[in-house]
Each structure stands twice: as C-alpha cells, then as structure tokens.
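Accompanying notes for the structure given below.
The values are calculated or read from the model by the stated rules, or taken from the named source; none is laboratory data. Predicted model only: the values in this text are computed from it and were never measured. A quick note on method: Cβ atoms are made from the backbone with ideal geometry, for glycine too, and the neighbour counts reach across all protein chains shown. Keep in mind that these areas ignore ligands, DNA and RNA; they rest on the heavy atoms of the full protein, side chains included. Shrake-Rupley method; radii C 1.70, N 1.55, O 1.52, S 1.80 Å.
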Amino acid sequence: MRVVHSPLELKKLLKEEQGTIGFVPTMGALHLGHRSLIEAAREANDLVVVSIFVNPTQFLEGEDLDAYPRREEADKKVCELSGVDYLFYPDASEMYGEDEVSLNAPSVRGYIMEGNSRPGHFSGVLTVVNKLFNIVNPTRAYFGKKDAQQLMLIETMVANLFMNVEIVPMATLREKDGLAMSSRNVYLSEQEREEALKIIKSLRTATQMVMKNELHVSRIREEMLAILAPLDVEYVTIVNRSFEPIEHVEIGNTIILVEAISGTTRLLDNIWI
Ligand code: PAF
C-alpha cells in the first residue's frame, strides 16, 4: 500500500495506473462499516483508493472538528490489511487555498433535516467530495446508507454535474445491540449509549407498524417520538427516496430518518422501506 499526501502526486500516480478504481472517501477512525465499503471496492475494482481527511469545511463553528477522532496508525493498518492500494492522507493546506471556488448544496434538499440542523454542512461535503473525485477520478465510489441525505446529495451532484463516477450505496452496519456504526460513537458514555439505543428501537417499531399495514406517516412519527422522548430529537422524518415529504409510506420507496443528540453526540440513523 502506498500512502500519498499530495493531491497532485496522487493524481499523477493514478493516471499511470490501468484498470478500474474503487474509491472510499472517509474521515478516518475506521470501523467495520468502512471496512465493508473497502471490501466491496476491492471485489469490484482493479485498484482501491481510500482517502482519510477530516474536512474542515463540513464542520460548523463550535462543532467537533478538533475533537474528531484521529487514529492515523490504526487506520493505516486497517487499510493495509484490507488490501487498499493507495491511501490518500492530505493536509487541509493542500486541499484548500484562499478565496476558493466552492459548491453549494441544493437550496431545498441541502437545507432540510441534517442540513437544517447544520446549515452549510452539505456544501462543505459536496465541495470536498468534488475535489476528491477530481483527484482520484474513480470508476466507482462507495458511501454508506447511514448518511442517507449525504448519499442522495452526492448522487444529485454526480447527476447535475454530469460526472463520470458510479455511486455505490452500501448497507448500514450495526453493533450487536443495534447501534449504527459511526466514528462518533466513541464519544458516548455508557448511559448515553444506552439512551442512543432508543433510535434503533424507534426505527424497528416503525418497521413493525408498516409490516402491520400502518402506513400513515403521522401515526408512525408519533410512536417514534414517544420512544425517542429521553433524547434531544432534531428530527424524525419520513420521505420518499427523492427526499420529498409523503403522507403514506410507499413500500420500496420510503426512508425513515432520525437525528437525535445523546449527551453532546449527534447521531443519525435510518431505515429504507
Ligand atoms: O461521510 C464522510 O465520512 C464524509 O462526509 C466524507 C464523505 C468523507 C466527506 O468528507
């Protein structure tokens, strides 16, 4: 595995390579969820590139940019053992200059739900993903469904800007107790983690309601909110796969999303129905 810090050097090295490139963009603190993305990339492509970059432009003032877990050595081992060919580890100074061109998230779908709780967050995500795609020029790029809104906005960017990359959505991996895997789970105390399990409980209840043919979005939300009461709930939203509001669950075309804060940790989860 080759570790590369310079964007221009990586661009040059990859241009000299033959075959398809599977790309997994991450912010590090890699867990089994990331490994499943790397494994999928390994299976379907000739080369695998992973990036680790805690992107400052997607953090709002006062968020956890400085505290975000950084595990350089452990992450390198994970990548090496997972058969990664190139690990891209840039510094912020190499990724951003002064007075830059940047991308804006779409004014509706980029500013609802997580985009409403964190205004501007998705513009930072799209700007960095665009830069990373231009550096790596991947055939396929792998993103987790846990960040469903991010996934939808990246798919939208790729379509709107006529980009040559296939986005591959990957299922959410969960801890034994059902908590969705996330690098931020390390922030949770034992009690906060216990409380965080209300999120998966609420999503499972919603699924059971749908299985019993309760398709009214308002009734499902009501049940979920009752379960989530001990947490600081940012939103419980039920939308179709284009992220438009719906009144009735449409099987095969619905996502139920939750964002809630346990202690000081923002947790996202969702179920695709
Ligand atoms: O999901 C993430 O880890 C980040 O938002 C991403 C896509 C790597 C962009 O910084």
Fill in the blank from the handout: Across (1) over 18 Å from the mean Cα position of the chain (by Cα); (2) within 15 Å of the ligand (Cβ to nearest atom), VAL48 clears everything bar (2)
Exercise for the section: Could you please let me know if VAL3 is open to solvent by less than 50 Å² (accessible area, probe 1.4 Å) and not in a helix (DSSP H, G or I)? Expected result: no
Fill in the blank from the handout: Only unsatisfied item for SER202, checking (1) of a type in the set (Gly, Ala, Ser); (2) touching a helix residue (DSSP H, G or I) at 6+ places or on another chain (Cβ under 9 Å); (3) open to solvent by 40 Å² or more (accessible area, probe 1.4 Å); (4) in a helix (DSSP H, G or I), is (3)
Exercise for the section: For region 145-158, indicate whether the set of residues that are in contact (Cβ under 8 Å) with a residue 24 or more places away in the chain, away from the ligand (no atom under 12 Å from the Cβ) and open to solvent by 30 Å² or more (accessible area, probe 1.4 Å) is non-empty. Expected result: no
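Confirm whether VAL24 is at negative phi, open to solvent by less than 50 Å² (accessible area, probe 1.4 Å) and either part of a loop (DSSP other than H, G, I, E, B) or among the polar types (S, T, N, Q) (or both).
Here the answer is no, as VAL24 does not meet what is asked.
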Handout entry: Filter result (open to solvent by 40 Å² or more (accessible area, probe 1.4 Å), aromatic (Phe, Trp, Tyr) and either away from the ligand (no atom under 16 Å from the Cβ) or outside any loop (DSSP other than H, G, I, E, B) (or both)) within region 80-136
Key = TYR111
Handout entry: Enumeration of residues in region 211-247 that are among the hydrophobic types (A, V, I, L, M, F, W, C) and open to solvent by 20 Å² or more (accessible area, probe 1.4 Å)
Key = MET211, LEU215, LEU225, ALA226, ILE227, ALA229, VAL233, ILE246
Completion exercise
Note on THR265: of the conditions (1) open to solvent by 10 Å² or more (accessible area, probe 1.4 Å); (2) farther than 24 Å from GLU155 by Cβ; (3) under 18 Å from the mean Cα position of the chain (by Cα), unmet is (1)
Exercise for the section: Considering each residue of region 58-79, count those that are open to solvent by less than 60 Å² (accessible area, probe 1.4 Å) and outside any loop (DSSP other than H, G, I, E, B), and give that number. Expected result: 6
Exercise for the section: Could you list, in sequence order, all residues of region 27-45 that are within 15 Å of the ligand (Cβ to nearest atom) and either open to solvent by 10 Å² or more (accessible area, probe 1.4 Å) or assigned to a strand (DSSP E or B) (or both)? Expected result: MET27, LEU30, HIS31, LEU32, GLY33, HIS34, ARG35, SER36, LEU37
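Being within 13 Å of the ligand (Cβ to nearest atom), touching a strand residue (DSSP E or B) at 6+ places or on another chain (Cβ under 6 Å), farther than 12 Å from PHE143 by Cα and not hydroxyl-bearing (Ser, Thr, Tyr) is the requirement here; does ILE21 meet it?
Answer is no for this residue.
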